[in-house]
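Participant: Got a structure for you, questions after.
The values are calculated or read from the model by the stated rules, or taken from the named source; none is laboratory data. All values derive from a computational prediction rather than experimental measurement. As a convention, Cβ positions derive from the backbone with ideal geometry for all residues, glycine included, and neighbour counts pool all protein chains shown. Just the protein is used for accessible areas: all its heavy atoms, side chains included, with ligands, DNA and RNA removed. Shrake-Rupley method; radii C 1.70, N 1.55, O 1.52, S 1.80 Å.
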Amino acid sequence: EKIIKAFAEAYDNSSISVVLATNANGVGKTTIAKHIIANLVYGAQNGWFDYPVFKRFKFPKLIWIVSTGTSLKDNIIPAFQDGDDRIFKEGTFTLHKEGKPYESMVKFNNGWRIKFFTNDQDVKQFESATVGVIIADEPIGEPIYKALKSRRRKGNIMFMPMTPLDCEPYVIDDIVSKVGSKRHFHVEGSVYEVSTIDNTAEGGQHCGVRGHLTPEVIDSMVEDYDIEEKEAR
């Protein structure tokens, strides 16, 4: 809910904006990215997305998704295929490999397009396009980030969901330090916020609202982290 609101506010406030979401593992960063895309492409599908950005998008209808090869294969591409993870409606799009051994482009019947990149591709692959939405799923290197910034010349929202384990300094210097302006937004999410219970009244840490992880699972995950890893995750 907080991420959707930040995305909508970024669109209303500026023609070029960045929404950084640093969340714990298991919160649902990639899942909300997929639903944001679906509501951009098809329009607002329910009340949670009842904002202008999902009703009359004024930037180029091209979305770039930059992620790890594993995440693209296991978490993002399945949203377009038959199975439990499917989000996008059959018959409304076609998948294209564009000479690659894997699907690299989605073309929707209504004009929207999605292009997939991995975060280890040569920086030259991120040039020469005008893009309306960029989703950098997990941390990307600064050279790619700088190349992506030049893709925003006709208006753009850059959404950056990540668990900041290997976070480069530019994230702090170029994004977090500018939060509070009309163009930069930062949403933080703790794993305790997606708990199925709220025990804060009893002095506990779990503060879930409509959560999807049980307290036992969350506590077991956290107990297995060392101090530094726990802070980052």
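Participant: Cα axis of helix 2-13 to longest principal axis of the chain: angle in degrees, 0 to 90, nearest 10?
Facilitator: Between helix and principal axis, roughly 40 degrees.
Participant: Distance from a point 7 Å along Cα→Cβ of Lys89 to each backbone N in the range 53-76: keep the residues under 17 Å and list them by number.
Facilitator: Flagged as within label range: 54-57.
Participant: While we're on this one: Take the residue pairs Lys5/Lys34; Lys73/Lys178; Lys29/Lys124; Lys73/Lys100; Lys34/Lys115; Lys5/Lys97 and return only those whose Cα atoms are more than 25 Å apart.
Facilitator: In this structure, Lys73/Lys178; Lys29/Lys124; Lys5/Lys97 lie more than 25 Å apart at Cα.
Participant: Which of Thr200, Thr68, Thr94 moves most in a GNM of the chain, Cα contacts under 10 Å?
Facilitator: So, out of Thr200, Thr68, Thr94, the one fluctuating most is Thr200.
Participant: Taking the DSSP beta bridges in the chain as the whole, what percent of them are antiparallel, to the nearest 5?
Facilitator: Taking every DSSP beta bridge within the chain, about 20 percent pair in antiparallel fashion.
Participant: Now for a different question. Using a Gaussian network model of the chain with C-alpha springs under 10 Å, which one of Trp64, Trp112, Trp48 is most mobile by mean-square fluctuation?
Facilitator: Maximum fluctuation in the GNM of the chain, among the listed residues, is at Trp48.
Participant: Classify the range 94-157 from the C-alpha gyration tensor, please: rounded if a/c falls under 1.5, else prolate or oblate depending on whether a/b exceeds b/c.
Facilitator: oblate
Participant: Could you work out which residue, out of Lys97, Lys89, Lys149, moves most in a Gaussian network model of the chain, that is, has the largest mean-square fluctuation with Cα springs under 10 Å?
Facilitator: Among Lys97, Lys89, Lys149, the largest GNM mean-square fluctuation belongs to Lys97.
Participant: With a 1.4 Å probe and every protein chain kept in, tell me what percent of the accessible surface of the chain is carbon plus sulfur.
Facilitator: 47 percent
Participant: Hey, another quick one. So, in Å, what gap is there between the alpha-carbon centers of the range 188-208 and the range 97-131?
Facilitator: If you average the Cα positions of each part, the centres end up 38 Å apart.
Participant: Using a probe radius of 1.4 Å on heavy atoms only, what accessible surface per residue do you get for the chain? Whole Å² is fine.
Facilitator: So the chain comes to 50 Å² accessible per residue, rounded to a whole number.
Participant: Give me, ordered by chain and number, the residues 5 or more places off Val187 or on other chains with an amide H under 5 Å from its own placed amide H.
Facilitator: Leu20, Ala21, Thr22
Participant: For the residue pair Lys97 and Glu231, what label-to-label distance in nm results when each label sits 7 Å from Cα along the Cα-to-beta-carbon direction?
Facilitator: Between Lys97 and Glu231, the label points sit 4.7 nm apart.
Participant: In addition: What is the sum of charges around Tyr102, taking Lys and Arg as +1, Asp and Glu as -1, for the other residues whose C-beta is under 13 Å from the C-beta of Tyr102?
Facilitator: Combined, the nearby Lys, Arg, Asp and Glu give +1.
Participant: Just from its helices, what would the mean residue ellipticity at 222 nm be for the chain, if runs of 4 or more DSSP H residues each count -39500 (n - 2.57) and the sum is divided by every residue, rounded to the nearest 500 deg cm²/dmol?
Facilitator: -6000 deg cm²/dmol
Participant: Please label the shape of the range 58-201 as rounded, prolate or oblate, based on the square roots a ≥ b ≥ c of the eigenvalues of the alpha-carbon gyration tensor (a/c under 1.5 means rounded; beyond that, a/b larger than b/c means prolate, else oblate).
Facilitator: oblate
Participant: Could you give the radius of gyration (one decimal) and Dmax (whole number) of the Cα atoms in the range 120-224, in Å?
Facilitator: Just the Cα atoms of the range 120-224 yield Rg and Dmax of 17.9, 55 Å.
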